[in-house]
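One structure is given below, encoded as C-alpha cells.
The values are calculated or read from the model by the stated rules, or taken from the named source; none is laboratory data. What you see is a predicted model; the values in this text were computed from it and never measured. Every residue, glycine as well, gets a Cβ built from its backbone with ideal geometry; the counts of neighbours run over all protein chains shown. Heavy atoms of the whole protein, side chains included, go into the accessibility calculation; ligands, DNA and RNA do not. Shrake-Rupley method; radii C 1.70, N 1.55, O 1.52, S 1.80 Å.
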Amino acid sequence: NQAERLKHIIKREITGLKDRRAHRKCEQMLHETEKRARALIDSSRDAIAYVHDGMHIYANNAYLKMFGHEELDDIQGLPIMDMVSNKDHSKLKEFLRAYAHGKTTNSTLELSGQHVSSKQFKINMEFSPASMEGESCTQIIIRDQTLSKELEQKLSAMSQQDLLTGLY
C-alpha cells in the first residue's frame, strides 16, 4: 500500500543493476587490455622487467635472455641487484632510494649488467612507475648498449659505401 516507496525501490534496484553491468563490462575491458599489454611486453625486443621492493615479479623473454635465464621462475623474487655488476651496486641502491622517494628527476641509469656466466655488459635502465596485477611496482626497460654500438658501426659503414655497387 506504499506505491511511491515501491517506485523508489524499483528505480534504485534498476540503477544498481545497470551499475553492476557497467562495472562488469569495465572489468572485462581492463582484463583484455592487460592481456594485450602483456602480449606486447612479451613480444618486445627491449628487455622489460617489473620490480616490487627491489625484487623481480615479472620479466619478458628478452630480459631473461639478456641475463642468461631460462624461465621466469628463475628470476621471480630475485633481487634486481643480482642483475648488475658488484661495482655498480652502490650506484643502483642510491638511485633506487632517490627514485622511490621522488628525489630524482632522472629516470635513466647507465650500469654494467651481469650475465649468469659472470660476463659483464653495458646497459641503460629506464625506470617508470607501473602496476602489475593490481600492485604498484616499477617497470624497468633495459637497452643493451653493445647492440646500439654495432648498429652505429653498420650505419657508419653504410653511409660511406654505395649499397648497389659496393664502392666508397
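Are there any GluC sites (Glu not before Pro) in segment 68-167 that are in a DSSP loop and have at most 16 other Cβ atoms within 10 Å? List them by number.
Glu70, Glu71, Glu133
Calculate what fraction, in whole %, of the accessible area of the chain sits on carbon and sulfur atoms when a 1.4 Å probe is rolled over the protein chains.
Numbers: 6400 of 12210 Å².
Carbon with sulfur: 52 percent of the solvent-accessible area.
Using the Kirkwood radius over C-alpha pairs as Rh, can you work out the diffusion coefficient of the chain via Stokes-Einstein at 25 °C, viscosity 0.890 mPa s, in µm² per second? Show your work: numbers first, answer last.
Numbers: Rh = 19.6 Å.
For these conditions, the coefficient is 125 µm²/s.
Defining a contact as two alpha carbons under 8 Å apart and six or more residues distant in sequence, what relative contact order in percent does the chain show? Before the final figure, lay out the partial values.
Numbers: 191 pairs, mean separation 28.1, N = 168.
Averaging sequence separation for qualifying contacts and normalising by length gives 17 percent for the chain.
Cross-link partners among lysines for Lys103, C-alpha distance below 28 Å, same-chain residues fewer than 8 apart left out?
Correct list for Lys103: Lys87, Lys91, Lys93, Lys122.
Could you pull out the trypsin sites (Lys or Arg not before Pro) across segment 91-168 that fall in loop regions by DSSP (anything but H, G, I, E, B) with no more than 15 other Cβ atoms inside 10 Å? Before the final figure, lay out the partial values.
On the way: sites: Lys91, Lys93, Arg97, Lys103, Lys119, Lys122, Arg143, Lys149, Lys154; in loops: Lys103, Lys119.
Here the sparse-neighbourhood loop sites are Lys103, Lys119.
Residue by residue, what Karplus-based ³J(HN,Hα) values in Hz, rounded to whole numbers, does segment 25-31 have, using 6.51, -1.76 and 1.60 with θ = phi - 60° and x for Gly and Pro?
Rounded to whole hertz, the list is 5, 5, 4, 5, 5, 4, 4.
Averaged per residue, what accessible area in Å² does the chain show with a 1.4 Å probe, protein chains only?
On the way: 12210 Å² over 168 residues.
Accessible area per residue, the chain: 73 Å².
Hey, if you put +1 on the Cβ of every Lys and Arg and -1 on every Asp and Glu Cβ in segment 1-49, which of Ala39, Ile9, Ala22 ends up farthest toward the positive end of that dipole?
With unit charges placed on the Cβ atoms, the residue in question is Ile9.
Sort 76-82, 22-28 by the packing proxy (mean of other Cβ within 10 Å over each peptide's residues), most packed first.
76-82, 22-28
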